[in-house]
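Scroll down for the structure; my scribbles are underneath it.
The values are calculated or read from the model by the stated rules, or taken from the named source; none is laboratory data. Note that the coordinates shown come from a computational prediction; the quantities given were computed from them, not determined experimentally. Cβ: placed from backbone, ideal geometry, glycine included. Neighbour counts: every protein chain shown.
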Amino acid sequence: MTDNKSGTHGAILTDTPPGDGEHPLVQLRNAGKSYGNVRALHGVDLAVRPGQVTCVLGDNGAGKSTLIKIISGLHQHSEGEFLVDGEPVHFTTPRQALDRGIATVYQDLAVVPLMPVWRNFFLGSEMTKGPWPVRRLDIERMKQTADEELRNMGIVLDNLDQPIGTLSGGQRQCVAIARAVYFGARVLILDEPTAALGVKQSGVVLKYVAAARERGLGVIFITHNPHHAYMVGDHFSVLRLGTMELSAERSEITLEELTNHMAGGTELAALKHELSQVRGVDVEELPEEEDLKASAAASPEGTS
Ligand SMILES: Nc1ncnc2c1ncn2[C@@H]1O[C@H](COP(=O)(O)OP(=O)(O)OP(=O)(O)O)[C@@H](O)[C@H]1O
Ligand SMILES: [Mg+2]
């Protein structure tokens with residue numbers, strides 16, 4: 001008997017190389033997507049490299065989910081190119097993306113709340129022992145492996161027998177990240193993992209985003225929050241109304257500039273004007289339109 005993953009069914013990949021260094025793991029070139037006559041995404045360029053965190057920021061409806069749905073095989077792009085390891089692909093199912101090592105952790109995690117943590121870790125890819133027809137679940141090995149893998153990522157849970165529903169949202173995200181890493185993900189897509197979390201829990205999730213990067217994965221981190229993005233990001237792409245209005249390396253942009261891009265410059269000024277006419281709202285702290293324009297002009301790709 002082997003002590004590797006031979007007992008698992010449908011484990012993700014793993015005969016694809018970990019990125020040849022020449023091509024990005026995943027790349028979009030001038031990519032776009034229309035739903036009927038709604039153009040949700042247009043002219044998007046994005047590259048994901050091993051050991052890097054690529055942050056995708058944008059307001060509601062900016063096209064973030066559409067972008068990751070293309071990469072994770074749920075939707076197909078209708079314009080431009082989508083390449084994996086430099087080779088054009090058209091995934092028709094999420095399984096095809098998984099087979100190429102692209103794993104997605106959705107915000108509403110697909111877990112069974114009443115099942116133990118270790119069971120959720122192996123959900124759909126259970127380890128078994130014994131020959132058919134007396135093949136049984138290898139519970140001991142699954143528990144031990146889940147425990148080891150969680151510890152490898154620095155996640156210590158007291159009891160893997162507890163139902164996953166009793167873990168906090170942040171801990172559940174962490175289990176999902178460790179699971180993707182174990183099953184051989186090369187690209188990890190996280191859809192707003194910190195959106196519903198408090199400060200401390202968000203910190204925990206960000207720590208594992210960094211841990212996944214340390215293990216050489218290419219991470220796509222979707223978020224509304226420029227502060228969270230800046231804590232772990234190597235590259236920042238800001239979507240607005242379906243187009244990429246900013247794409248900058250960490251060295252090219254400050255947190256302040258990123259925040260201003262997210263705040264949407266003149267839109268924020270318009271909001272301030274509107275709010276100033278509502279009683280009981282203090283708009284003093286919001287920046288003036290001139291300040292926003294000045295800082296947008298000072299940023300590297302100061303488009304508006
Ligand atoms: N299945 C669909 N059919 C038609 N239009 C869609 C569909 N999915 C998304 N859209 C439209 O595409 C645009 C981008 O939506 P998307 O969900 O990608 O935004 P988002 O950045 O993820 O927003 P949020 O922050 O609210 O999750 C929106 O105008 C949305 O209405
Ligand atoms: Mg979304």
Worksheet entry | Any chance Thr54 is touching a strand residue (DSSP E or B) at 6+ places or on another chain (Cβ under 8 Å), within 28 Å of Gly169 (Cβ to Cβ) and modelled with pLDDT of 95 or more | yes
Practice prompt. Looking at (1) assigned to a strand (DSSP E or B); (2) surrounded by fewer than 11 Cβ atoms within 10 Å (Cβ to Cβ), find the lone condition where Thr104 falls short.
Written response: (2)
Worksheet entry | Test result for Met127, more than 24 Å from Gly216 (Cα to Cα) and touching an Asp or Glu at 6+ places or on another chain (Cβ under 6 Å) | yes
Discussion item. Leu241 - would you say it is surrounded by fewer than 19 Cβ atoms within 10 Å (Cβ to Cβ) and within 15 Å of ligand 1 (Cβ to nearest atom)?
Written reply: yes
Worksheet item: So which of Ala229, Ala178 ends up being closer than 21 Å to Ile70 by Cβ, in contact with a Leu (Cβ under 9 Å, 6 or more places away or on another chain), assigned by TED's automatic domain parsing to the domain that holds Leu57 and buried (at least 19 other Cβ atoms within 10 Å of the Cβ)?
Response: Ala229
Practice prompt. Please determine, by comparing only the residues of the stretch 211-222 that are crowded, with 18+ Cβ neighbours inside 10 Å and at pLDDT 90 or above, which one is nearest to ligand 2 (Cβ to nearest atom).
Written response: Ile222
Worksheet entry | Scan of the stretch 208-235 for residues that are part of a helix (DSSP H, G or I), more than 16 Å from ligand 1 (Cβ to nearest atom), touching a strand residue (DSSP E or B) at 6+ places or on another chain (Cβ under 6 Å) and not β-branched (Val, Ile, Thr), ordered by number | Ala212, Arg213
Worksheet entry | Single residue of Thr54, Thr66 found to be polar (S, T, N, Q), within 15 Å of ligand 2 (Cβ to nearest atom) and either closer than 25 Å to Pro226 by Cβ or free of Cβ contacts under 8 Å to residues at least 12 places away in the same chain (or both) | Thr66
Worksheet item: Checking Ser202 against (1) at pLDDT 85 or above; (2) under 25 Å from Leu67 (Cα atoms), which single condition isn't satisfied?
Response: (1)
Worksheet entry | Residues that are modelled with pLDDT of 85 or more and outside any helix (DSSP H, G or I), drawn from the stretch 134-156 | Val134, Arg135, Arg136, Leu137, Asp138
Practice prompt. Could you check, for the stretch 237-254, whether at least one of its residues is in the same structural domain as Lys33 (by TED's automatic domain parsing), in a helix (DSSP H, G or I) and within 13 Å of the chain's Cα centre (by Cα)?
Written response: no
